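The values are calculated or read from the model by the stated rules, or taken from the named source; none is laboratory data. Remember, predicted model here, so these are calculated numbers, not experimental data. Using ideal geometry, Cβ is built from the backbone for each residue, glycine included, and neighbour counts are taken over all protein chains shown. Note: areas computed on protein heavy atoms with side chains; ligands, DNA, RNA excluded. Shrake-Rupley method; radii C 1.70, N 1.55, O 1.52, S 1.80 Å.
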Amino acid sequence: MEPSSASSEAHRLNINVGCLGHVDSGKTSLVAALSTQLSTAALDKHPQSKARGITLDLGFSSFMAPLGSGEEVQFTLVDCPGHASLVKTVVGGSQIIDMMLLVVDITKGIQPQTAECIVIGEITTDFMIVVLNKIDLVPAEKREKYAKKASKMIRKTFAGTKFKDVPVIAVSTKERVDGTVVHDMMMADGAQAQCLGVQDLVNAMVQMVPHMNVQRKEDGDFMMYIDHCFSIKGQGTIVTGTLSEGCVSVGQAIEFPLMGLVRKVKSIQAFKKPVTRAIAGDRVGICIPNLSATHIERGLACKPRSMCAYTHAIVRVDKVRFFPSKIYSRKKLHILIGHSSVMATLEFFGMPRFSTRTWVQAANGDFAWENDYIYQDELYGAEGRPIGGEDWYKNSEWRLKDTQRTFMGPQWALIKFEEAVLARPGALILGAKLDTDLDACTCRIALSGKILDNIEQTSRLRVFKIKSKEGTIRTVEPDRMTAVCSGLFASNNAVTTFLGMSVRGPNGLLGVIESPYGTKGDCRVKFEQPVSMARQEPASVVLKFKQFLHGSDNTSKKREIEQ
């Protein structure tokens, strides 16, 4: 067979469909009922999968469907494991999907891993269909009523998500439309038309396609997540995966950055059909000569020298609404990028307040190195963070009302990886607590985000905390405008750091630190109005300032707050 060329025929639209759900919900059986083409990794071909009777790795298969205008669409199915311990594999598979089928056992409803799959769906796609599987376990005379009740419960669960109007389709992969029992895992003679409800599912998938507006980054640098690898004697090593960006052609040089190797593409196949070229969104097998398959099971292939090695990164982050715990700064999480998982420490920060300039940036979630950002003790969810933030010092009582909260715009994190990871700006990351007890029945995915920039020197990052010092007015000089203040500083060197900064005196009177006084850390403060010392108790003076966390010297770490 002559390989097809993208230049000689229109490229067929490919939609990558993730099949996710709780373990034993019937995902693999559904994939078998839909599929007409199998890859080398499909339908639990892994020996341990067959032995244990559950999906342990990603499986890939496909089928074609007419779009109604004489064109066809190819649906590539990504069969993901359902067991809680395999969430890293699920996340790796989900990052390439355009559409998601959430498979639910109709006799059990929403289960713990179903909820985690909903979280992954919200992060990775805008298009989902809920498949109520195993309808054959319900007596035929009760199925319609049972399916309506289950659909109502499903939509109630989804009411707080972006999938509130999700289509719900009831199917059986064990019973045909005519009521006869299905024995074969995959039927070559058109499984979709035979299994109960499966053709309705295909129709629902096709109806979504015109609304998807799938954008492929064909003109970007080639990158492919590798999910399987094997050798063919006399040919070379076959790496299989889905292109996330760019294109690849026979004869093109590609890099395996984890191994530091560059090799040329010998041949390409898409579901066992030879092709000369593939673009973003396509699932392919690429034959590479002179490459050992021993060290490649998961990984990356890319355009040579196009990947960044990150030890630190700035990431725009959002808290997952279903995560039950607080996420504190300077604590560790598992960070999932593609098929990689690495421990990392995160430091959260956000917008100080919305000036005209920063509001436009905040609306877009933009990060700018020249902006000042306020440190956050934790990552806040949709409920926002306490009203005031760094503006609490403007309150006359200088107290934070913990019951009041407001949304303060986008949030970011400085991520410090324990070992370097390979990624590109814009790469999706998930943060998770994978050490959570699997029997806890709780969502382990804590946050999601996208890498914005690499950062080699954290001193560039302008993140601050609000700090305060309180002292007293010791004496007032004859001009009644200048006072000698004690208790603010421990030494004259400390005074020097704060020269020219503003303080608040009695009744909120504004003053400026002018100079050290004596040798024990006292200072002169010039107030804008005469100072009254009529009260018997010592008059207090308060200095509030921004302390920057990543400055290279003591002076650059502190800056005056606008009074």
From the residues in segment 117-166 that are of a type in the set (Phe, Trp, Tyr) and assigned to a helix (DSSP H, G or I), which one is most open to solvent (accessible area, probe 1.4 Å)?
-> Tyr146
Of (1) within 30 Å of the chain's Cα centre (by Cα); (2) farther than 24 Å from Gln215 by Cβ; (3) open to solvent by less than 20 Å² (accessible area, probe 1.4 Å), Gly281 satisfies every one except (2)
Extreme residue, nearest to Gln547 (Cα to Cα), among residues of segment 474-502 that are among the polar types (S, T, N, Q) and touching a residue at least 60 places away in the same chain (Cβ under 8 Å) | Thr497
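One line per residue, one yes/no per condition, for (1) closer than 16 Å to Thr125 by Cα; (2) open to solvent by less than 70 Å² (accessible area, probe 1.4 Å); (3) modelled with pLDDT under 70; (4) of a type in the set (S, T, N, Q):
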position: Asp184; (1), (2), (3), (4): no, no, yes, no
position: Asp189; (1), (2), (3), (4): no, no, yes, no
position: Gly197; (1), (2), (3), (4): no, yes, no, no
position: Val202; (1), (2), (3), (4): no, yes, no, no
position: Val214; (1), (2), (3), (4): yes, yes, no, no
position: Met223; (1), (2), (3), (4): no, yes, no, no
Pick from segment 81-93 the residues that are crowded, with 18+ Cβ neighbours inside 10 Å and small (Gly, Ala, Ser): which of them is modelled with the highest pLDDT?
-> Gly92
Only one of these conditions is not met by Ser49: (1) open to solvent by 10 Å² or more (accessible area, probe 1.4 Å); (2) modelled with pLDDT under 85; (3) not in a loop (DSSP other than H, G, I, E, B). Which number is it?
-> (1)
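Within segment 381-389, does at least one residue satisfy the condition of being assigned to a strand (DSSP E or B) and either at pLDDT 75 or above or buried (at least 18 other Cβ atoms within 10 Å of the Cβ) (or both)? Talk me through it step by step, then tell me what you get.
Of segment 381-389, the ones assigned to a strand (DSSP E or B) are 385-386.
Add one more test, that the residue is either at pLDDT 75 or above or buried (at least 18 other Cβ atoms within 10 Å of the Cβ) (or both), and what stays is 385.
Yes, the conditions are met somewhere in segment 381-389.
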Residue selected from segment 455-501 under the condition within 41 Å of the chain's Cα centre (by Cα) and charged (D, E, K, R), by the criterion farthest from Cys308 (Cα to Cα) = Lys469
Being in a loop (DSSP other than H, G, I, E, B) and at pLDDT 65 or above narrows it down to one of Val17, Val23, Val104, Val78, so name that one.
-> Val23
Take Ser172 and decide whether it is crowded, with 18+ Cβ neighbours inside 10 Å, modelled with pLDDT of 85 or more and assigned to a loop (DSSP other than H, G, I, E, B).
-> yes
If Leu291 passes every condition in (1) modelled with pLDDT under 90; (2) part of a loop (DSSP other than H, G, I, E, B); (3) within 28 Å of Glu418 (Cβ to Cβ) but one, which one does it miss?
-> (3)
All positions within segment 237-260 that are part of a loop (DSSP other than H, G, I, E, B) and closer than 17 Å to Ile337 by Cβ | Pro257, Leu258
When both residues are 6+ apart or on different chains and their Cβ atoms are under 8 Å apart, which pairs have a first residue that lies in segment 224-243 and is in contact (Cβ under 8 Å) with a residue 24 or more places away in the chain, and a second that is open to solvent by less than 10 Å² (accessible area, probe 1.4 Å) and of a type in the set (D, E, K, R)?
-> Thr240/Asp227; Gly241/Asp227; Thr242/Asp227
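Scanning segment 514-548 for residues that are among the polar types (S, T, N, Q) and open to solvent by 90 Å² or more (accessible area, probe 1.4 Å), which turns out farthest from Asn493 (Cα to Cα)? If you could, list the steps in order and put the result at the bottom.
So in segment 514-548, the residues among the polar types (S, T, N, Q) come out as 515, 519, 529, 532, 536, 540, 547.
Narrowing further to those that are open to solvent by 90 Å² or more (accessible area, probe 1.4 Å): 519, 529, 536.
Values: Thr519: 10, Gln529: 28, Gln536: 31 Å.
Among those residues, the one meeting the criterion is Gln536.
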Identify the single condition in (1) within 30 Å of Val317 (Cα to Cα); (2) in contact with a strand residue (DSSP E or B) (Cβ under 6 Å, 6 or more places away or on another chain); (3) in a strand (DSSP E or B); (4) not small (Gly, Ala, Ser) that Pro425 does not satisfy, given that it satisfies every other one.
-> (3)
Pairs under 9 Å by beta carbon, first residue within 16 Å of Ile335 (Cβ to Cβ) and surrounded by 12 or more Cβ atoms within 10 Å (Cβ to Cβ) in segment 399-420, partner at pLDDT 95 or above and of a type in the set (Ser, Thr, Tyr), six or more apart or different chains?
-> Ala413/Ser329; Leu414/Thr345; Ile415/Thr345; Lys416/Thr345; Phe417/Thr345; Glu418/Thr345
Scanning segment 239-260 for residues that are open to solvent by 20 Å² or more (accessible area, probe 1.4 Å) and touching an Asp or Glu at 6+ places or on another chain (Cβ under 7 Å), the one nearest to Gly18 (Cα to Cα) turns out to be Glu245
Might you let me know whether segment 329-343 holds any residue that is over 18 Å from Gln95 (Cα atoms), open to solvent by 40 Å² or more (accessible area, probe 1.4 Å) and at pLDDT below 85?
-> no
Here, strands (runs of 3 or more DSSP E) confined to segment 461-509 with at least 1 residues that are open to solvent by less than 60 Å² (accessible area, probe 1.4 Å) and either of a type in the set (D, E, K, R) or within 30 Å of Tyr373 (Cβ to Cβ) (or both) are 463-476, 502-504
